[in-house]
Amino acid sequence: MSASSPRAVFFDCTPYMARFFDPSTRAFVPELELRVARPSPPEVVEALQGATVAVHFQTKLTEAILAACPALRGIVFLGTGVSSWVDLPAAERRGIRVRRVRGYADRTVAEHAIALAFDCARRVTQMDREIRAGVWRTEARFELADKTLGIVGLGGIGQATARLGAAVGLRVIGWNRGPVPDDLPCERRALDEVLTEADVLSLHLGLNDETRGILDRRRLGLLRPGAVLVNTARGALVDQPALVELLEAGKIAAAGLDVFAEEPLPPGHPLTRLANVTLTAHAAWMSPEAGRRLVRLGLEGLRQALDDWP
C-alpha cells in the first residue's frame, strides 16, 4: 500500500465473525487490517490512528473517540442498528460517512421470531425447565393455526416474518410507516388495531426518536388477554417495567425476548424470574448464512468507500 493509499481497519472483530473472512473473502479487500479484539476506548483510538475507514461491529464510537481519530473519513458498521453504536450527529459534523448493512439477516431473524412464538404458544422452554427441576406437567397455551399474528414494522424482517407466519397458517396483520409490497400476505391495520387483534405480536421496527418507547404502558394494555409478545428488534421499543408488570399479572400471557433495554441482561433482572418469558441473548441475527452475507455486504460497502477515495 502506498503512502497515499487509504487505510482500512476492522478493529473489533469477534472470533465468530473472523470465521467468515476466508482467503477468498479477504481477497476482495486485501488491504483491510483485521484485528480480533474487544478493545477499550483508548485501544480503539490507538487502532484507528491514521485509518481512513473503520469497519466495526461491537464497540460504541462516541464523539470523543471520533474526535481523537482525525484521519477517519468513513465507517462501515456491520449491522443495521447503527444509531445504537455510532454517534451519528458527531460523525456528520466531522464529515465521516457512515454505512450500514441491510438485509443480511431478514430470514434468520424471522425464523427466530417464529421460533419464539412457537415456544411461547407451546410452553417448550417452560416445560424443559420444569422437567429438569423434577416437575412433570403437560401444558400448552394454544396452537398457532388460524390465530392472528400482528407485526409492527414491515421492513425486510417484518415481511419475512409475515411470509413465514402465513405459511404455518397464521392470519397476518401489520402496521408500517411506509408502503409495503402488494403481494405481502398481510392485512394492513392501524397500530392500535394490530395490538388489539393480535394473538401473537411481533416487533420489527428500527430504533430511533420516533419509535423509542412506542409500546408504552397504554399500548401494552391494548393487547388482548392471553396474547404473546415477541421482540427481536430493539429492547427500547418497549416500556420494559410495564411489560414486567403485565407479565407478572398474567395480562400478557407470555413473551419471547431477544433484545432488552440493557444488554447483557443483568443477573437477577425481573425478566429472568418470570416463568412465562423465554429469553435469548440478542442472537436472532446469528446463523452462518447470515454471517457470510453480513461480511460480504460489508466488504462491498468498504470496497466502494475505498474506491471512492480521492
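The values are calculated or read from the model by the stated rules, or taken from the named source; none is laboratory data. All of these numbers come straight from a predicted model, not from anything done at the bench. Don't worry about glycine lacking a Cβ; one is built from the backbone with ideal geometry, like all the others, and counts go over all protein chains shown. Please note that ligands, DNA and RNA were not included when accessible areas were found on the heavy atoms of the full protein model with its side chains. Shrake-Rupley method; radii C 1.70, N 1.55, O 1.52, S 1.80 Å.
Scanning region 119-145 for residues that are under 14 Å from Ala254 (Cα atoms) and of a type in the set (Val, Ile, Thr) gives Val124, Thr125. Is one or more of the residues making up region 117-135 part of a helix (DSSP H, G or I), touching a residue at least 40 places away in the same chain (Cβ under 8 Å) and among the hydroxyl-bearing types (Ser, Thr, Tyr)? Looking for residues that are part of a helix (DSSP H, G or I), touching a residue at least 40 places away in the same chain (Cβ under 8 Å) and among the hydroxyl-bearing types (Ser, Thr, Tyr), one finds at least one in region 117-135, hence yes. The set of residues in region 207-257 that are open to solvent by less than 30 Å² (accessible area, probe 1.4 Å), farther than 19 Å from Gly153 by Cα and assigned to a loop (DSSP other than H, G, I, E, B) comprises Ile252, Ala253.
Results for (1) under 27 Å from the mean Cα position of the chain (by Cα); (2) surrounded by 13 or more Cβ atoms within 10 Å (Cβ to Cβ); (3) modelled with pLDDT of 95 or more, shown as yes or no for each residue.
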{"position": "Ser5", "(1), (2), (3)": "no, no, no"}
{"position": "Pro15", "(1), (2), (3)": "yes, no, yes"}
{"position": "Thr25", "(1), (2), (3)": "yes, yes, no"}
{"position": "Ala51", "(1), (2), (3)": "no, yes, yes"}
{"position": "Leu72", "(1), (2), (3)": "yes, yes, yes"}
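Does any residue of region 89-98 turn out to be over 19 Å from Arg234 (Cα atoms) and in contact with a Phe, Trp or Tyr (Cβ under 7 Å, 6 or more places away or on another chain)? For region 89-98, residues over 19 Å from Arg234 (Cα atoms) and in contact with a Phe, Trp or Tyr (Cβ under 7 Å, 6 or more places away or on another chain): present.
Taking interchain pairs and intrachain pairs at least six residues apart, which have beta carbon atoms under 6 angstrom, with the first residue in region 173-194 and aromatic (Phe, Trp, Tyr) and the second open to solvent by less than 50 Å² (accessible area, probe 1.4 Å)? Between residues of region 173-194 that are aromatic (Phe, Trp, Tyr) and residues that are open to solvent by less than 50 Å² (accessible area, probe 1.4 Å), the close pairs are Trp175/Val152; Trp175/Leu191; Trp175/Val194. Cβ-Cβ contacts under 6 Å between residues 6 or more apart (or on different chains), taken from a first residue in region 228-246 that is at pLDDT 95 or above to a second residue that is buried (at least 19 other Cβ atoms within 10 Å of the Cβ) and among the acidic types (Asp, Glu), are listed as Thr232/Asp258.
All told, Gly256 meets the bar of being of a type in the set (Gly, Ala, Ser) and in contact (Cβ under 8 Å) with a residue 40 or more places away in the chain.
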